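Since the structure comes first, as structure tokens, the remarks are kept for the end.
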Amino acid sequence: MTTPTPALLPRFLCCEHPSRASAIFLALLICLAGYCHAEGDSNLPADVITLPLVNPARWVIDTSHLGTDQVAITYDAAEKVAVLTPTWSAHDATSADLNSRNIQDSNLHLYQLVPRSDCTQSVSYFEISVPSAYVDEGRLDIQFTLQGGEADDYLFNGRTFLMKDFAEAKGGYKSVTLKSSDFSEPEVKRRGIERVGFTLHRHGSMVSAPIRIRQVSVTLNRAKIIPLPPEAEIVNPASFYEFAYTNQAAIDRIQVENSAEAREIKRQLGTDAQGMVLLPQWSPDQLRQGQSGVAYLKQSLGAPHNFARFEVQYLVNIPRAYFDEGKLDVYLCIQAGEAGHGVWSGAPRKLSTFADKAGQDVVLTLTQDDFLPGHGGHGKKRNKIEFVALQLVPHGSVVTEPILLKRITVKLP
């Protein structure tokens, strides 16, 4: 009587001695494993992240940094494409949403979450159809983006395409392949990517035609990835700094951001050299349509510092009119320089928390504890800090009385 053939056993291994067949089969598996190991990882299937487009709910719409949600996202099952249709119009100028009113500088930032991946050797691919109406108008920019998550300080990489780049396609699909080196940002910013997507920079565009995207993928090429070398620990050059704004030279060393998100604020020496007078520029007649009037000032420390533990104190005097109005927010901030990719950490100080000091000198303090869970701060890596900063967020304030910044002190271990 013969032994029945095992259903999953190759026919040439079937015999009247099952134990012998199993031994032969095991030996073949061991040989095959040894062959694969000898050949190396290059023969293994490529690691590919593919964005699933069938479910529009997978797209995240990021409304920070002048982002809006003015887009309809659908899926065309016949073409197997994601369809992104901006809902911009001329009526945006009177929108209740500040970013939507900012027709020139607003954007649509869309992404999907992916497993955290090292994209330093990646090759990205997608196909996109941009209607000719956008090309003829010539305003919109489209950016393919790779971005880190919270663990990687949301470090951002973008490759921007102008409308002229899609002229040859004449409304049809353009195939795009991007190597990691096609991004202008440092390679280290692609070590921990968790967001893959697109940003549409409006630049005043009034076209609301559907943009079609398909076959979005990122091939990681893990076998080619070179591990990041250990980061050298920074030794702080000093443990105490004091910046007193009692002369024009000290005031001139303050850096002020002037961008789509932040506005210049006038600075001058106060009466009797008491400090730096800040003259806000955020009254309605001073702001361009859709601008918030945020002011961001930063004081350089001259070199990267480790702020694992720290104390920064700001001596300020804020007029009572701001307290009575109740709109202005103050943020105390620290920021890395180029070596730390400009990462920012800050914590708000509501005027209501020191209302008893309205119109008087008050010391506002920022420490590492502000970034503990539940303390209200927004903290990122603090191992390469080069600036201490002050941010004034008007939230529609129409008060423009001068604010006095007298001194900033920094204490480190």
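The values are calculated or read from the model by the stated rules, or taken from the named source; none is laboratory data. Note that the structure is a prediction, hence the values are computed from the model and not measured. FYI the Cβ positions are ideal-geometry reconstructions off the backbone, even for glycines, and counts take in every protein chain you see.
Has the stretch 212-225 got at least one residue that is more than 26 Å from M276 (Cβ to Cβ), out of contact with any Cys (no Cβ under 8 Å at 6 or more places or on another chain) and loosely packed, with under 13 Cβ neighbours inside 10 Å?
The answer is yes; a qualifying residue exists.
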Search the stretch 375-400 for residues being out of contact with any helix residue (DSSP H, G or I) (no Cβ under 8 Å at 6 or more places or on another chain) and under 14 Å from P348 (Cβ atoms), and hand back the single one that is surrounded by the fewest Cβ atoms within 10 Å (Cβ to Cβ). H395
Taking the stretch 228-242 and keeping residues surrounded by 14 or more Cβ atoms within 10 Å (Cβ to Cβ), more than 26 Å from the chain's Cα centre (by Cα) and not in a strand (DSSP E or B) leaves N236
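Kindly provide the set of residues from the stretch 285-310 that are of a type in the set (A, V, I, L, M) and without any contact (Cβ under 8 Å) to a residue 60 or more places away in the chain, ordered by number.
L287
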Could you grab me the full set of residues in the stretch 190-206 that are crowded, with 19+ Cβ neighbours inside 10 Å and more than 19 Å from the chain's Cα centre (by Cα)? S205
If you scan the stretch 321-368, which residues turn out to be under 29 Å from K381 (Cα atoms), over 27 Å from the mean Cα position of the chain (by Cα) and among the hydrophobic types (A, V, I, L, M, F, W, C)? L351, F354, V362, V363, L364
Pick out, from the stretch 248-335, the strands (runs of 3 or more DSSP E) lying fully within it that include 3 or more residues that are closer than 13 Å to T400 by Cα. 276-279
Which one of the conditions (1) of a type in the set (S, T, N, Q); (2) under 25 Å from E338 (Cβ atoms); (3) touching a residue at least 60 places away in the same chain (Cβ under 8 Å) does S124 fail to meet, given that it meets all the rest? (2)
I want to confirm something. Restricting to the stretch 339-375 and keeping residues that are assigned to a strand (DSSP E or B) and not hydrophobic (A, V, I, L, M, F, W, C), which single residue is farthest from Q299 (Cα to Cα)? K350
Tally, over the stretch 285-318, of residues that are more than 24 Å from the chain's Cα centre (by Cα), closer than 21 Å to Q268 by Cβ and buried (at least 17 other Cβ atoms within 10 Å of the Cβ): 5
State whether the residues of the stretch 61-72 include one that is of a type in the set (S, T, Y), in a strand (DSSP E or B) and in contact with a strand residue (DSSP E or B) (Cβ under 7 Å, 6 or more places away or on another chain). no
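Let me confirm something: among A169, A223, A209, which residue is at pLDDT 95 or above and in contact with a helix residue (DSSP H, G or I) (Cβ under 6 Å, 6 or more places away or on another chain)? Step through it out loud before you land on a result.
On the way: A169 fails: in contact with a helix residue (DSSP H, G or I) (Cβ under 6 Å, 6 or more places away or on another chain); A223 fails: at pLDDT 95 or above.
The match here is A209.
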From V130, V135, V114, V83, residue being of a type in the set (A, V, I, L, M, F, W, C) and under 21 Å from the mean Cα position of the chain (by Cα): V114
Restricting attention to the stretch 270-284, and to residues there that are in contact (Cβ under 8 Å) with a residue 24 or more places away in the chain and at positive phi, which single residue is surrounded by the most Cβ atoms within 10 Å (Cβ to Cβ)? G275
Tell me which residues, restricted to the stretch 51-75, are surrounded by 15 or more Cβ atoms within 10 Å (Cβ to Cβ), among the aliphatic types (A, V, I, L, M) and under 22 Å from the mean Cα position of the chain (by Cα). L51, I61, L66, V71, I73
In the stretch 191-227, which residues are part of a helix (DSSP H, G or I) and either over 21 Å from L113 (Cβ atoms) or of a type in the set (G, A, S) (or both)? A223, K224
